[in-house]
Amino acid sequence: MTIMRRHGELTRRRGALITAFLALICSAFLALPSNAGAAAFDDCPANTLCLYSGPDGTGERRDFTDRQSLESYDATWDDKTLSAKNNTKLWACVYVDAGYGGLLQTVMPDRFDEYSDGDARWVKTISSHKLVPSRAHCFTGYERCPDDRICTFAQERGRGAMTVHTATTDPATGNVGSSYGTGAAPKSVWNRTAKHVCFYPEPTFTGTWTDTAAGHTYGAYVVLRGDSTTVPAPFAGTFRSHELVDRTADCQ
């Protein structure tokens, strides 16, 4: 009898200890901070990239479908974003410049991001975005170039403002290509034509470059048919005209 009573007391004590332990665990979980950021973005619809004018998914919301990339925003939304929710299965790429240019951030599928504090370069500076199948696609913008065109870009790797060139015949020289001013000086190129393209530093399809370090002088910068490239020094930002040729030997 004594042993049974002691066993009963021991059992009751163990039960009390277990109950107290479970209560402690429950209280600990209740005391843990909730994922307020995730909850704040719950209003973002499925298959949608949501941009918010306030932090933590607050303020005005702009929705973009998973098929809707935008190279620039209208004046009422440009440089307004302070937080974002990527509620799609694609990667979201957001940029501080129009044309997928400047600094960029990537947002994984089904994640959110904040731009309201920390690095001031991101506070109300976002001007374009695109949705892509992998993160690597965020770092280039060549895909914007239409077929059978020469496209030049203001920034490296096909990013930034894009100029689409339609070949014309220059009445003075007979060159088939384009001549342009300093505003179109590109840092990257995609030649989507069936011909090679020769770039020149003068608008008259002439001129030369000198690479002082290498001790060479160049009369043309050539991009072969179908190729895309970031233009290196001393050529980057200096193109003023180009012509289309069947053979690279036909460059001026």
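Out of all the residues in region 106-121, which are touching a helix residue (DSSP H, G or I) at 6+ places or on another chain (Cβ under 7 Å) and of a type outside the set (Phe, Trp, Tyr)?
Passing the criteria: THR106, GLU114, SER116.
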- line: Within region 192-219, residues being crowded, with 18+ Cβ neighbours inside 10 Å, over 24 Å from GLY141 (Cβ atoms) and out of contact with any Gly (no Cβ under 9 Å at 6 or more places or on another chain) number 0
statement: Of the conditions (1) touching a Cys at 6+ places or on another chain (Cβ under 9 Å); (2) modelled with pLDDT of 95 or more, the single one that THR163 does not satisfy is (2)
- line: Flagged in region 98-127 as surrounded by fewer than 20 Cβ atoms within 10 Å (Cβ to Cβ) and either in contact (Cβ under 8 Å) with a residue 60 or more places away in the chain or in a loop (DSSP other than H, G, I, E, B) (or both), in numbering order, are ALA98, MET108, PRO109, ASP110, GLU114, SER116, ASP117, GLY118, ASP119, VAL123, LYS124, THR125
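Counting only residues that are closer than 11 Å to ALA92 by Cα and more than 12 Å from the chain's Cα centre (by Cα), how many does region 109-132 have? Give the steps one after another, and end with the answer.
Taking region 109-132 as the starting set, the residues that turn out to be closer than 11 Å to ALA92 by Cα are 109-113, 128-132.
Those left that are additionally more than 12 Å from the chain's Cα centre (by Cα): 109-113.
So the count comes out to 5.
The values are calculated or read from the model by the stated rules, or taken from the named source; none is laboratory data. Given the structure is predicted, the values throughout are model-derived calculations rather than measurements. Every residue, glycine as well, gets a Cβ built from its backbone with ideal geometry; the counts of neighbours run over all protein chains shown.
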